[in-house]
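The values are calculated or read from the model by the stated rules, or taken from the named source; none is laboratory data. On a predicted model such as this, the values are computed, not experimentally measured, just so you know. When we count neighbours, we look across all protein chains shown, and the Cβ atoms used for this are built from the backbone with ideal geometry, even at glycine.
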Amino acid sequence: MAIFERDKIKTISKTILNLTLLTLILTSACFVASCNNRESMVTCGSKKPTACCDDSKIPVISHGSKKPAISCDSQKPAISSSDNKTKMPKTKEKVIADLKNQYWNYYQPQDELTIKSIEDLPSEDIKIKLTLQAHTRDFSHFLISTDDSQFRKSLDGSIVAEFKIDETSAMKTTTVVKIVSKNGTTSQPCTITLVSNPNKYWASKGAAGYPNWITVKTDPYLNFNPPCTVDNWIYRTPTDSDRKFAENKWGGLIKDAKSNHDKAKLIAKSLMDDLKPHIGVPSDAMKVPPFEQYERMVSGHDKGFCTNLADIFIHACNSLGVSARRIHLEKVHYRSDKFSIRMGGMHSTTEIFDDQLSQWVWLDLTYNILGAYLGEEGPLNVAEFSMFLNQSQRRKSLKVLYYNYRDKSEELMLLNQCPEKFASLDGRDTEFHYFYAPTNE
């Protein structure tokens with residue numbers, strides 16, 4: 001069981017995103033609320049979330065009060081033979097279930113180029129402004145060409161297009177965009193086509209009543225900005241002394257590693273070697289920064305469990321330039337002032353972001369896991385692992401890279417060969433609580 005304490009972070013806010021696995025994969029829009037230097041929580045479910053501190057001080061936005069609406073239009077007509085007349089069937093009310101994939105809000109790849117915004121500009125006709133955002137670390141400027149014009153330099157990545165509103169034909173404009181880095185190299189071009197179909201165009205086709213449509217086509221496909229970037233998930237920024245400590249402790253160990261996942265595996269194995277002999281219930285004295293927790297455990301002055309292992313691991317990774325985040329798992333089904341009922345225990349787990357793969361990768365020091373795979377595909381993130389774990393056919397193909405800290409060996413094995421049972425991830429009612437630092441925008 002993991003016990004959370006309030007992290008004493010003065011420089012940034014920390015927000016927890018709560019969601020069940022099914023809500024993580026498919027749910028209607030749920031966005032983040034932040035409060036200045038206070039913890040806030042967004043829950044995508046009807047249950048009140050469990051927090052790492054006093055629940056009464058945490059604002060909660062509930063996004064689960066609406067019942068899902070299901071379309072019912074498959075009724076067969078009922079025909080009465082008594083009077084040989086066809087009677088119209090009694091049809092149920094047809095409603096629409098609005099589903100939007102929120103998985104990518106938490107597992108957004110590191111796209112090179114995204115759409116920041118699309119605005120409606122004042123005009124008697126149709127005028128829009130599409131703004132792009134580059135996510136390369138050495139970004140300098142954009143080169144933009146519209147309808148075969150000469151490329152122009154742009155710092156804000158804005159594209160403005162205007163279309164006549166009373167046209168009876170479709171209109172379009174095509175823009176080519178390149179990202180230029182500070183060393184002068186340019187990216188592959190991205191083509192953005194804006195197509196206008198005014199309502200008079202639809203009327204000319206015999207389909208009156210359609211609105212004015214603007215269709216945005218991009219090649220390659222451009223996503224909108226995610227609510228959180230990779231950097232937002234690092235809610236505790238390492239200090240200079242943290243980076244020095246990590247470099248002295250693990251820098252030499254990872255210097256030849258080729259990827260962030262490889263680096264994280266080496267750090268995880270070193271930490272398991274050092275900390276596994278000291279697993280137990282931590283004292284209140286462990287409510288200190290991660291590397292102080294590490295020193296207390298390895299010196300034998302204190303014990304630690306999953307929360308401590310997770311905090312120490314992600315802080316070591318972040319101090320060495322490997323982006324990492326902590327995720328709290330729980331299945332609480334009843335809460336009162338007197339007691340709570342939960343299925344199994346709570347657990348803190350971790351993910352690192354691998355730049356080469358452009359994805360989050362699950363590692364868990366408590367379960368001795370250095371990675372998970374579905375057959376030959378992977379490594380997986382924790383949401384994927386949990387989803388496949390709870391699908392009987394996919395479960396058969398799950399593999400984990402298991403580390404035995406006692407004999408310092410690691411083995412890729414089928415799930416049914418692994419000595420760990422993953423109780424905190426079993427079942428489809430697991431809530432995933434993601435910690436992150438909101439932007440100041």
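Give S358, S323, S340 a once-over and let me know the one that is over 13 Å from T307 (Cα atoms), among the polar types (S, T, N, Q), surrounded by fewer than 23 Cβ atoms within 10 Å (Cβ to Cβ) and touching a helix residue (DSSP H, G or I) at 6+ places or on another chain (Cβ under 8 Å). Answer to the check: S323.
Every test in (1) more than 30 Å from T350 (Cα to Cα); (2) at pLDDT below 95; (3) of a type in the set (D, E) is passed by D156 save one, and that test is (2).
Every condition in (1) under 30 Å from R326 (Cα atoms); (2) surrounded by fewer than 15 Cβ atoms within 10 Å (Cβ to Cβ) holds for D219 except the one numbered (1). In this structure, does K217 turn out to be basic (K, R), closer than 15 Å to I118 by Cβ and in contact (Cβ under 8 Å) with a residue 24 or more places away in the chain? Yes, satisfied. Considered as a group, the residues in region 314-359 that are of a type in the set (F, W, Y) and farther than 15 Å from A383 by Cα include one that is nearest to the chain's Cα centre (by Cα), and that residue is Y334.
Considering region 188-208, the residues that are of a type in the set (G, A, S) and at pLDDT below 95 include one that is surrounded by the fewest Cβ atoms within 10 Å (Cβ to Cβ), namely G206.
Among all positions in region 115-123, there is no residue which is basic (K, R) and without any contact (Cβ under 8 Å) to a residue 40 or more places away in the chain.
T350 falls short on exactly one of the conditions (1) farther than 26 Å from P238 by Cα; (2) not in a helix (DSSP H, G or I), and that condition is (1). Every listed requirement among (1) part of a strand (DSSP E or B); (2) in contact (Cβ under 8 Å) with a residue 60 or more places away in the chain; (3) touching a helix residue (DSSP H, G or I) at 6+ places or on another chain (Cβ under 8 Å) is met by H433 save one, (3).
Let's see how each residue does on (1) surrounded by 20 or more Cβ atoms within 10 Å (Cβ to Cβ); (2) more than 24 Å from F353 (Cβ to Cβ):
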residue	(1), (2)
S392	no, yes
K396	no, yes
K399	yes, no
D407	no, yes
A423	no, yes
D426	no, yes
T430	yes, no
F435	yes, no
P438	no, no
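If the condition is being crowded, with 18+ Cβ neighbours inside 10 Å and closer than 20 Å to K408 by Cβ, then region 279-305 contributes Y294, M297. For region 172-195, a residue qualifies if it is in contact with a Lys or Arg (Cβ under 7 Å, 6 or more places away or on another chain) and part of a strand (DSSP E or B), and the qualifying residues are T186, T193, L194, V195. Of the helices (runs of 4 or more DSSP H) lying entirely inside region 218-305, those containing at least 3 residues that are within 23 Å of W360 (Cβ to Cβ) and either basic (K, R) or not assigned by TED's automatic domain parsing to the domain that holds L357 (or both) are 260-275.
Scanning region 229-238 finds one or more residues that are surrounded by 15 or more Cβ atoms within 10 Å (Cβ to Cβ) and either over 29 Å from N381 (Cβ atoms) or modelled with pLDDT of 95 or more (or both). Could you tell me whether region 357-375 includes any residue that is closer than 22 Å to W104 by Cβ, touching a Gly at 6+ places or on another chain (Cβ under 6 Å) and in a loop (DSSP other than H, G, I, E, B)? No; the residues of region 357-375 include none that is closer than 22 Å to W104 by Cβ, touching a Gly at 6+ places or on another chain (Cβ under 6 Å) and in a loop (DSSP other than H, G, I, E, B).
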